[in-house]
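This report refers to the structure that appears directly beneath it.
Rule-based calculations on the coordinates, nothing more; no lab input. What you see is a predicted model, and the numbers here were worked out from it, not measured in a lab. Positions of Cβ are generated from backbone atoms using ideal geometry, with glycine treated the same way; all protein chains shown enter the neighbour counts.
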Amino acid sequence: MDRTRGFEIVSKYQDKDITLPRRQTTASAGYDIEAAQDMVIPSIWRLNFVRIFRLIRNGHQLYEPDYEMADKIIKPFLIPTGVKVYMPEDEVLILANRSSNTFKRNLSLPNGIGVIDADYYNNDANEGEIFVQVLNYGVRPIKIKKGERIAQGIFIHYLRTDDDEPVSRQRANGFGSTNKEE
């Protein structure tokens, strides 16, 4: 059988009862992706975010320790999924938020969408495990349960320009990284 695209469980989750993503109806475009473990996503309002916001809003001078604190506080949480994806090199898996996350739970994807490239599969850093970035902009902490659907993945074929000449390098790292050589 020739494999074109699909999901696999990463090795560290092989015996952890992970469910591969599935479409929930025959007309669904997205494959529902589940959390691989229980997590609590704290509210940004409880992470000293308000202190930084007040300093900025009131025109106070920010100093390097303020910037460092803000960098630690105001960033997304990564929810592990325990799955990786394979596909042809002219396809991409787009991670999209579930509508219920924003409407009912105050969870957003800070980057709007996630882009999983074909060469992310089996990379050396994390075997290509998919992580979902989220921010909780509500006031309550959000409890994510293992097996809870947290995002949806949509396979998309993309086009290249006539004069496409990509940089010839291989992905060397995992999440959020392309091996950049100067």
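Worth pointing out:
- Taking the chain as a Gaussian network of alpha-carbon nodes connected by springs under 10 Å, the highest mean-square fluctuation of the residues Ile33, Ile52, Ile154 belongs to Ile52.
- What you get for the chain, charging only the Cβ of Lys and Arg (+1) and of Asp and Glu (-1), is a dipole of about 1460 debye around the Cα centre.
- In the elastic network of the chain, a GNM with C-alpha springs shorter than 10 Å, the most mobile of Gln24, Gln133, Gln37 is Gln24.
- Multiplying the residue separation of Ser11 and Asp38 by 0.36 nm and subtracting their alpha-carbon distance yields 7.8 nm.
- Distance between the 7 Å Cα→Cβ label points at Asp66 and Trp45: 2.3 nm.
- Assuming charge only on the beta carbon of Lys and Arg (+1) and of Asp and Glu (-1), the dipole of segment 41-109 about its Cα centre is about 600 debye to the nearest 20.
- In segment 120-166, GluC sites (Glu not before Pro) in a DSSP loop with at most 15 other beta-carbon atoms within 10 Å: Glu148
- With kT/(6 pi eta Rh) evaluated at 37 °C and eta = 0.692 mPa s, and Rh the Kirkwood radius from Cα pairs, the chain diffuses with a coefficient of 179 µm²/s according to Stokes-Einstein.
- Using a simple spin-label model with pseudo-atoms 7 Å out from Cα toward Cβ, Ile154 and Leu78 lie 2.5 nm apart.
- Here's the picture: charge each Lys and Arg Cβ at +1 and each Asp and Glu Cβ at -1 in the chain, and of Gln61, His157, Ala96 the one pushed furthest to the positive end of that dipole is Gln61.
- Most positive-pole-ward Cα, Ser11, Ala125, Pro110, against dipole of segment 9-125 from beta carbon charges: Pro110
- Filtered GluC sites (Glu not before Pro), segment 1-104: DSSP coil and at most 10 other beta carbons within 10 Å: Glu89
- Sparse-neighbour loop sites [chymotrypsin sites (Phe, Trp or Tyr not before Pro); segment 28-137; at most 11 other C-beta within 10 Å; DSSP]: Tyr63
- Segment 68-150: C-alpha gyration tensor shape, a/c 1.5 cut-off, then a/b vs b/c: prolate
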